[in-house]
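Data block below; observations after.
The values are calculated or read from the model by the stated rules, or taken from the named source; none is laboratory data. Only a predicted model underlies this, so the values are computations on that prediction, with no experimental measurement involved. When we count neighbours, we look across all protein chains shown, and the Cβ atoms used for this are built from the backbone with ideal geometry, even at glycine.
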Amino acid sequence: MKHLIYPVIFLLFNAQIVLAQEQNCQTAGQRVIALGGAVTEMIYALGEERRLVGVDVTSTYPASAFKLPKVGYYRSVSAEGLLSLGPDLIIADPDAGPPEVFDQLKAVGLCIQIIGKGGSADAVLERVTQIAKILNVNEKGNALRKKLSDEFAEAMAQPLNNASEKPRVLFLLSVKDGTPVAAGTDTDANAIIHLAGGVNAVDGFSGYKPLSSEVAVASKADFILMMSHVVESSGGAPSILNLPQISLTPAGRLGNFISMDGLLLLGFGPRTPDAIKSLSNQINK
């Protein structure tokens, strides 16, 4: 009989946790922690930044976000660090965590709302709607969604170059120990390259993987694209272009190198139309 009682108690306990969290979510939103730079940007874009009591270290825009208490990197937060700020709501990027920390927070009744992934214009607009609904500012959400929808249409309507083929862009996530790590399919880098009118120079794998000389040559990359903070920490563009794998590409030989702010480029937040315009202008010359 005992073996039947324990599962029932466990289910009842979990049900109580879920009910407590749902009840708390109905009234939460006055003390908000944002986990993920795009989440923070969305809250600012909605004009609801007064609610923020903390953000993670990737929240680098706008400048006023720097003044807010930091809770660490959004993928590796701690329950103690989050609870120390006394939040009643956490709005998180889908990659935020770890999951066991969120389980701990839910167990004490804290409201945690996880938004959808980025990767497209429609995904950004849906994120706006989600966060506006969470914060109970639907009218502001509708206005921001309309504004961004118009900006996306304008950004993606830019005239492209007259080349017979789209520019081939090789995104490097890092070059640690002289080994470039490139973006394949199913990445935000792949998505933003396509939105800007280019093609990913490497599409034979998913995610991020070390770049071999063979794959680099086959990529026929016209441009190398990287996040600016990675470029700085890797010795600058000349050092990267001189790497054996990169020097074998057309981009390496011609010095076609693009450095962009990481959150702007890959955040898929309210500035993504600006990222599309900027990248498009640089690859479609």
Subset of region 220-238 (residues that are in contact (Cβ under 8 Å) with a residue 40 or more places away in the chain, closer than 30 Å to Ala45 by Cβ and surrounded by fewer than 21 Cβ atoms within 10 Å (Cβ to Cβ)): Val230
Picking from Leu266, Leu254, Leu248, Leu241, the residue that is aliphatic (A, V, I, L, M), buried (at least 22 other Cβ atoms within 10 Å of the Cβ) and not assigned by TED's automatic domain parsing to the domain that holds Leu148 would be Leu266
Go through (1) more than 27 Å from Tyr44 (Cβ to Cβ); (2) outside the structural domain of Asp186 (by TED's automatic domain parsing); (3) not in a helix (DSSP H, G or I) and name the single condition Gly119 misses. (1)
So which residues in region 36-68 are out of contact with any Gly (no Cβ under 9 Å at 6 or more places or on another chain) and either of a type in the set (A, V, I, L, M, F, W, C) or in contact (Cβ under 8 Å) with a residue 12 or more places away in the chain (or both), if there are any at all? Ile43, Tyr44, Gly47, Glu49, Leu52, Pro62, Ala63, Ser64, Phe66
Would you check if Ala189 is within 16 Å of the chain's Cα centre (by Cα) and not β-branched (Val, Ile, Thr)? yes
Give just the number: which of (1) part of a loop (DSSP other than H, G, I, E, B); (2) touching a residue at least 40 places away in the same chain (Cβ under 8 Å); (3) crowded, with 17+ Cβ neighbours inside 10 Å does Tyr74 not satisfy? (2)
Filtered residues of region 177-199 (kept if over 18 Å from Phe268 (Cα atoms), assigned to a helix (DSSP H, G or I) and without any contact (Cβ under 8 Å) to a residue 40 or more places away in the chain): Asp177
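Of these, Lys146, Lys106, which one is assigned by TED's automatic domain parsing to the domain that holds Cys25 and either part of a strand (DSSP E or B) or out of contact with any helix residue (DSSP H, G or I) (no Cβ under 6 Å at 6 or more places or on another chain) (or both)?
Details: Lys106 fails: either part of a strand (DSSP E or B) or out of contact with any helix residue (DSSP H, G or I) (no Cβ under 6 Å at 6 or more places or on another chain) (or both).
Answer to the selection: Lys146.
Could you look through region 24-35, keep only residues that are part of a helix (DSSP H, G or I), of a type in the set (S, T, N, Q) and touching a residue at least 24 places away in the same chain (Cβ under 8 Å), and pick out the one that is surrounded by the most Cβ atoms within 10 Å (Cβ to Cβ)?
Of region 24-35, the ones part of a helix (DSSP H, G or I) are 24-27.
Then drop every residue that is not of a type in the set (S, T, N, Q), which leaves 24, 26-27.
Still in the list and also touching a residue at least 24 places away in the same chain (Cβ under 8 Å): 24, 27.
On the way: Asn24: 17, Thr27: 10.
Among residues in region 24-35 that are part of a helix (DSSP H, G or I), of a type in the set (S, T, N, Q) and touching a residue at least 24 places away in the same chain (Cβ under 8 Å), the one surrounded by the most Cβ atoms within 10 Å (Cβ to Cβ) is Asn24.
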